[in-house]
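Novice: Attaching a single structure in structure tokens format; questions to follow.
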Amino acid sequence: MKIFETGTIMHLQGHLTGSGVTTRRVEALDIFLQRMESAGKKNIRIDCGRILRADVNGLQLLYVWIQCAGFEGLEVELVNLSCRLQVIMRKLGLWHCFAGNMV
């Protein structure tokens, strides 16, 4: 998975899977979170439009990251969720975890 940012938007691209999300990618998410907090940003978006594949491990990681952002006082919105990604979330029983964060 590749991660890049533009302003207050974190773009995820590729495979949001247990094998696709490396330690380096998790660190990039943490750095983004710290940078947004330091800049006083309260609302951030995660663009999911380029996620090609997802599994339970990748979605759990994303959920934990959103929770950590919330603990820091940040509000996270997931944008550009494909129908395919939404179906995967439902099939894995994780839809309710993200429902409050979708735009």
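Novice: Please enumerate the residues belonging to segment 28-46 that are part of a strand (DSSP E or B) and in contact with a Ser or Thr (Cβ under 9 Å, 6 or more places away or on another chain).
Specialist: Kept after step one, since they are part of a strand (DSSP E or B), are these residues of segment 28-46: 43-46.
Within segment 28-46, ASN43, ILE44, ARG45 qualify.
Novice: Could you grab me the full set of residues in segment 78-99 that are outside any helix (DSSP H, G or I) and of a type in the set (A, V, I, L, M)?
Specialist: Initial filter on segment 78-99 (outside any helix (DSSP H, G or I)): 78-82, 92-94.
The answer is LEU78, VAL79, LEU81, LEU92, LEU94.
Novice: Something else about it: From (1) free of Cβ contacts under 8 Å to residues at least 12 places away in the same chain; (2) closer than 16 Å to GLY100 by Cα; (3) part of a strand (DSSP E or B); (4) not polar (S, T, N, Q), pick out the condition that doesn't hold for PHE4.
Specialist: Looking at each condition in turn, PHE4 falls short on (2).
Novice: Let me ask you something else. Say we look at segment 47-63 and pick out the residues that are of a type in the set (A, V, I, L, M, F, W, C) and farther than 13 Å from ASN101 by Cβ; which of these is modelled with the lowest pLDDT?
Specialist: As a first pass, look at segment 47-63 and keep what is of a type in the set (A, V, I, L, M, F, W, C): 48, 51-52, 54, 56, 59, 61-62.
From what is left, the residues that are farther than 13 Å from ASN101 by Cβ are 51-52, 54, 56, 61.
Details: ILE51: 94, LEU52: 92, ALA54: 93, VAL56: 91, LEU61: 88.
Among those residues, the one meeting the criterion is LEU61.
Novice: Return yes or no: is ALA54 in contact (Cβ under 8 Å) with a residue 12 or more places away in the chain, surrounded by 14 or more Cβ atoms within 10 Å (Cβ to Cβ) and within 12 Å of TRP65 (Cα to Cα)? It would help to see each step written out before you state the result.
Specialist: On the way: in contact (Cβ under 8 Å) with a residue 12 or more places away in the chain: yes; surrounded by 14 or more Cβ atoms within 10 Å (Cβ to Cβ): yes; within 12 Å of TRP65 (Cα to Cα): no.
Spelling it out, it is not the case that ALA54 is in contact (Cβ under 8 Å) with a residue 12 or more places away in the chain, surrounded by 14 or more Cβ atoms within 10 Å (Cβ to Cβ) and within 12 Å of TRP65 (Cα to Cα).
Novice: May I pose another question? Among the residues of segment 8-27, which ones are in contact with a strand residue (DSSP E or B) (Cβ under 9 Å, 6 or more places away or on another chain), in a loop (DSSP other than H, G, I, E, B) and farther than 21 Å from PHE71 by Cβ?
Specialist: Scanning segment 8-27 gives THR17, GLY20.
Residue by residue, here is whether (1) surrounded by 14 or more Cβ atoms within 10 Å (Cβ to Cβ); (2) farther than 27 Å from GLN34 by Cβ; (3) touching a residue at least 24 places away in the same chain (Cβ under 8 Å); (4) of a type in the set (Val, Ile, Thr) holds:
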site	(1), (2), (3), (4)
LEU61	yes, no, yes, no
CYS68	yes, no, yes, no
PHE71	no, no, no, no
LEU81	yes, no, yes, no
ARG84	no, yes, no, no
VAL87	no, yes, no, yes
LEU92	yes, yes, yes, no
TRP95	yes, yes, no, no
ALA99	no, no, no, no
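Novice: VAL87 - would you say it is within 16 Å of GLU5 (Cβ to Cβ) and at pLDDT 90 or above?
Specialist: Numbers: within 16 Å of GLU5 (Cβ to Cβ): no; at pLDDT 90 or above: yes.
Answer is no for this residue.
Novice: Might you check whether a residue that is assigned to a helix (DSSP H, G or I), over 22 Å from ASP30 (Cα atoms) and more than 13 Å from the chain's Cα centre (by Cα) occurs anywhere in segment 54-77? Spell out the reasoning first.
Specialist: The initial filter retains those residues of segment 54-77 that are assigned to a helix (DSSP H, G or I), namely 56-71.
Narrowing further to those that are over 22 Å from ASP30 (Cα atoms): none.
Checking segment 54-77: not a single residue is assigned to a helix (DSSP H, G or I), over 22 Å from ASP30 (Cα atoms) and more than 13 Å from the chain's Cα centre (by Cα).
Novice: Continuing with the same structure: Considering only residues of segment 9-37 that are under 13 Å from the mean Cα position of the chain (by Cα) and among the polar types (S, T, N, Q), which is nearest to LEU52 (Cα to Cα)?
Specialist: Ranking the candidates gives GLN13 first.
The values are calculated or read from the model by the stated rules, or taken from the named source; none is laboratory data. Since we're looking at a predicted model, the values are computed, not measured. Ideal geometry is used to build each Cβ from the backbone, glycine not excepted, and the neighbour counts take in all protein chains shown.
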